[in-house]
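Computed from the coordinates by the stated procedures, all read-outs in this text should not be read as laboratory data. Bear in mind that the values here come from a model prediction, so they are computed numbers and not experimental data. Neighbour counts run over all protein chains shown; Cβ positions are idealised from the backbone, glycine included.
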Amino acid sequence: MIRILNYIGGEMVPAIDGGWLPNPEPATAQVFSEIPDSGPADVEKAWMAARQAFPSWSVTPLEDRFRILHRISEGIETRMEDLAMAESRDNGKPLWPARKVDIPRAASNFRFFATALLQFASESHEMPGEAINYTLRQPIGVVGCISPWNLPLYLFTWKIAPALAAGNTVVAKPSEITPLTAWMLAEICREAGLPPGVLNIIHGTGPRVGEAIVKHPGIKAISFTGGTATGARIAAVAAPVFKKLSLELGGKNPTLVFADADLEETLRTTVQSGFSNQGEICLCGSRLLIERSIYTSFRDAYVERVSRLRVGDPLDTETRVGALASEAHLQKVLSYVRLATKEGGTLLCGGQQVYPEGRCRDGWFMQPAVIEGLGPACRTNQEEIFGPVVTLQPFDTEEEAIALANGVRYGLATSVWTRDLKKAHRVAAALESGIVWVNCWLLRDLRTPFGGMKDSGVGREGGWEAMRFFTEPKNVCIRL
Ligand code: NDP
């Protein structure tokens, strides 16, 4: 049994009141580790360590800060295989994307923001003959970072790296469902020479640890990625005390397939965009909108490919769909498949629980589902399912496609498939979506603004957006 520990003030420690929570492996349903069941007292201790570390970290020369963050990136790369194994075991995702995507991206996050801190600059506004204004961008102080279970180390580091790069100290909480790689990161940070207290990682549940971080009066900003309901709760707690907030929330992302698209490439990518990481990526395209003239042929080819996706042991290199992250989540996703049929939808493939042979027979697996015949207003087409479930809807005109795409409360990411460049520009401009991909999906440049509109969030991450979020601008006006 692995005992995961909190990382506070540079030390690995259990929860103050000594409680533990079980952490099961989704592929086998067996408990393989325990995490500290931390609470407000642990958050207070972490905050004190972070507050103590802040004065010196915030004035650490940029070159030194760069070197430490860069060493963390190298430490992640050195332990790539261990981290990928841990991520796959903890989350249920196949090992190969953990190796190819999750862990390399966590290393990139640290490398990217290590170099960003050397390049970051602030503005100056001249009033000719009268005054000069310059803007200082100073670190905020102690900040909170709270992340979800779907891309555990990838999203955890996406917040922590810019927060540290900008000179803040951090109290961070990974999801209780996937704590393992955050714990391993703590060790990497120690080896990289990150001073004690600069980063503190507290394990435990959202309502106890997450909420205590959000409520803490000394934690001045919260960067959160997770569900929209949790985001609303965080906003309600943080607004009256005027905390700076970055909220990256849920999605119900459309994929628009026009008849003039490169259909082979579209098919290949839309199968990925629907079912990568078991459909548990906030950017997954869960509503596939297809121009009516190609609807039947595209649907048949799509369903044929989705039916062939191999579900099973995450360690098997042939596996394309691993286990869902928790039993409760599997039950939620299966309940949406039942709802879809109750709402009049036709299940074209999948949708049932799978019991692989061998070591994974008790794990939380399901066959990817494709559903058609549902109107845009039904719950299946409106609510985020966050699993391997995609619905198909036909459209006749560009206007109808845009109306369908925009007709949900979310506005995170959209993928558009067409060979007509003018149409691509028109549609991209009309979409209510923080991110639009044209003839691609999940192609990421870390300098670009990342985030959603409407109920998908507030604020943007990535590049200068993240560096600006984690700094407080102060204008200094000097009369000439
Ligand atoms: P949750 O909102 O349930 O949890 C996210 C994090 O918040 C977890 O660490 C959780 O802790 C914690 N938390 C829960 N309750 C509170 C609270 N009251 N106060 C503070 N923190 C709390 O989301 P999931 O983990 O289920 O992740 C899935 C969701 O995340 C989906 O909606 C998905 O779309 C969204 N997401 C958005 C992304 C984006 O960039 N827009 C990217 C990835 C995911 P614990 O798990 O321990 O309960």
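Suppose every K and R has +1 on its Cβ and every D and E has -1 on its Cβ; what is the size of the dipole of region 1-88 about the Cα centre, in Debye to the nearest 20? Don't jump to the answer; show the numbers that get you there.
Details: 7 positive and 14 negative charges, 64 e Å.
Its charge dipole is roughly 300 debye.
Counting other beta carbons within 10 Å of each Cβ, put F156, F258 in order, fewest first. Could the numbers behind the result be given before it?
Numbers: F156 27, F258 22.
The order, fewest Cβ neighbours first, is F258, F156.
Helix 327-342 axis versus longest C-alpha principal axis of the chain: approximately 40°, rounded to the nearest ten. Note down the Stokes-Einstein diffusion coefficient of the chain in µm²/s, whole number, using a Kirkwood radius over alpha carbon pairs, 37 °C, and 0.692 mPa s. It diffuses with D of about 142 µm²/s by this estimate. Taking amide hydrogens as placed 1.01 Å from N in the peptide plane, the amide H of A369 sits under 5 Å from those of G351, V389, V390, each at least 5 positions away in sequence or on another chain.
Past 23 Å, Cα to Cα, is the threshold; run K244/K332; K215/K244; K100/K332; K173/K454 against it and keep the listed order. Those over the limit are K244/K332; K100/K332; K173/K454. Once both labels are positioned 7 Å from their Cα atoms along Cα-to-Cβ, the gap between V237 and E123 label points is 3.3 nm.
Amide H contacts of L324 (H built 1.01 Å from N, in plane; Pro and chain starts excluded): W364, F365, M366 sit under 5 Å, all sequence-distant by 5 or more or on other chains. Each listed q (0.33 Å⁻¹) maps to a log10 I(q)/I(0) for region 144-189 from the Debye sum over equal C-alpha point scatterers, namely -1.32. Please determine, in degrees from 0 to 90 and to the nearest 10, the orientation of helix 80-91 with respect to the longest principal axis defined by the Cα atoms of the chain, where the helix direction is its Cα long axis. So the helix axis and the longest Cα principal axis differ by about 60 degrees. Taking label points 7 Å from Cα along the Cα-to-Cβ direction, W20 and V59 give a separation of 4.4 nm. Here is how the number arises for the chain: DSSP H runs of 4 or more residues each give -39500 (n - 2.57), the sum is divided by the residue count, and the result at 222 nm is -12000 deg cm²/dmol. Among the GluC sites (Glu not before Pro) found in region 353-460, those both in a DSSP coil and sparsely packed, with 12 or fewer other Cβ atoms within 10 Å of their Cβ, are E357. Annotation: extensible slack from A29 through L421 equals 136.3 nm (criterion: 0.36 nm per residue apart, minus Cα-Cα distance).
Between rounded, prolate and oblate, where does region 1-134 land on the alpha carbon gyration tensor, with a ≥ b ≥ c its root eigenvalues, rounded for a/c under 1.5, else prolate if a/b exceeds b/c? Oblate, because a/c is 1.5 or more while a/b does not exceed b/c. Each residue of region 120-133 is assigned a 3J(HN,Hα), and the resulting list reads 4, 9, 10, 8, 9, 10, 8, 10, x, x, 10, 7, 10, 9 Hz, derived from the Karplus form 6.51 cos²θ - 1.76 cosθ + 1.60 (θ = phi - 60°), x at Gly and Pro.
Treating each Cα of region 253-446 as one equal point scatterer and applying the Debye formula with no solvent, the log10 of I(q)/I(0) at q = 0.12, 0.16 Å⁻¹ comes out as -0.55, -0.97. Helix 292-307 and the long axis of the chain differ in direction by around 70°, with both axes built from C-alpha atoms.
Extending 7 Å from the Cα toward the beta-carbon at both Q331 and K244 defines two label points whose distance is 4.1 nm. Only Cα sites of region 186-225 enter the Debye sum here, all with the same form factor; the resulting log10 I(q)/I(0) across q = 0.24, 0.32 1/Å is -0.91, -1.07, listed in q order.
Of all DSSP beta bridges located in region 253-446, what percent are antiparallel, nearest 5? Could the numbers behind the result be given before it?
Working: 5 of 27 bridges.
Restricted to region 253-446, the bridges split so that about 20 percent are antiparallel.
In this structure, the amide hydrogen of G285, modeled 1.01 Å from its nitrogen in the peptide plane, lies closer than 5 angstrom to those of G274, counting only residues at least 5 positions away or on a different chain.
The string of couplings for region 401-410 from the Karplus curve (6.51, -1.76, 1.60, θ = phi - 60°) is 4, 5, 5, 5, 4, 7, x, 9, 6, 8 Hz, one whole number per residue in order, with x for Gly and Pro.
Cα centroid distance between region 208-238 and region 382-397, in Å? The two parts, judged by their Cα centres, are 30 Å apart.
Please report the net charge: other residues with Cβ closer than 15 Å to the Cβ of W149, K and R +1, D and E -1.
Details: positive: R89, K93, K159, K173, K332; negative: E25, E87, D90, D102, E176, E248, E280, E327, E384.
Result for the local shell: -4.
Might you report the magnitude of the Cβ-based charge dipole of the chain about its Cα centre, with Lys and Arg at +1 and Asp and Glu at -1, to the nearest 20 debye? If you can, show how the numbers build up before the last one.
Details: 50 positive and 53 negative charges, 147 e Å.
Value, rounded to 20: 700 debye.
Using the Cβ-Cβ distance between E400 and C440 with R0 set to 25 Å, the FRET efficiency from 1/(1 + (r/R0)^6) comes to roughly 0.60. Computed over region 309-349, relative contact order equals 22 percent, with contacts defined as Cα pairs under 8 Å that lie 6+ residues apart.
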